[in-house]
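None of the figures in this text is laboratory data; all of them are computed from the coordinates on show. Nothing here was measured: the structure is a model prediction, and the numbers come from that model. All Cβ positions, glycine included, derive from the backbone under ideal geometry; neighbour counts span all protein chains shown.
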């Protein structure tokens, strides 16, 4: 092989290594963003929801719209994570199914509509209080250290939420 051929071969290998590095770096960043969405938009919101339910219970449900608004935020974050993970191909089939079932179970709870707060019945309040207990059981609560693996918590949470919820 001539020196010109050897130089071209080495340059080609170098460029391929740079390309592979860029692709891997992009994939790592996409997975990081997906995990951040579930951590900030879902896991943190579920912890806040648990705290809000406790606050409402201690204060005779004086402002239930806080809970229904937070439930809407949880659902929006969950849907965003599922959609993004699905479109980017970063969610496993198992995780996608678990998250979709969790979304459907949480969707049973009262949540606010655009420009309209939902009124809670006594049964709705009891369902929220039971949800609080379940959130704490799976490690999603105030003053509980948050587990790094949200998907395991989501699976445990999905398995413990009643479906359908009690209604009046």
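Relative protection proxy for 13-19, 97-103, from highest mean packing down: 97-103, 13-19 (other beta-carbon atoms within 10 angstrom).
Against the chain, whose longest principal axis comes from its Cα atoms, helix 150-160 is set at around 30 degrees. The range 32-65 and the range 99-151 have Cα centres separated by 8 Å.
Tell me, in nm to one decimal, what length is gained between residue 133 and residue 19 on full extension, where the rule is 0.36 nm per residue of separation less the Cα-Cα distance? List each step's numbers first, then the result.
Numbers: separation 114, 0.36 × 114 = 41.04 nm, distance 4.94 nm.
Gain in length upon complete extension: 36.1 nm.
Compare the peptides 52-59, 113-120 by average per-residue count of other Cβ atoms within 10 angstrom and give them in order, highest first.
With the highest mean Cβ count within 10 Å placed first, the list reads 52-59, 113-120.
On the beta carbon distance between residue 86 and residue 7, with R0 = 45 Å, the FRET formula returns roughly 0.50.
Only Cα pairs under 8 Å and 6+ residues apart enter the sum, and on that basis the relative contact order of the chain stands at 26 percent. Once the Cα atoms are used to define both axes, helix 65-88 deviates from the longest principal axis of the chain by about 20 degrees. Please label the shape of the range 55-145 as rounded, prolate or oblate, based on the square roots a ≥ b ≥ c of the eigenvalues of the alpha-carbon gyration tensor (a/c under 1.5 means rounded; beyond that, a/b larger than b/c means prolate, else oblate). Taking the square roots of the gyration eigenvalues as a ≥ b ≥ c, the range 55-145 is prolate. As a rough guide to protection, the peptides 126-135, 86-95 ranked by mean Cβ packing within 10 Å, highest first, stand as 126-135, 86-95. For the chain, the longest principal axis of the alpha carbon atoms and the long axis of helix 122-137 meet at an angle near 40°.
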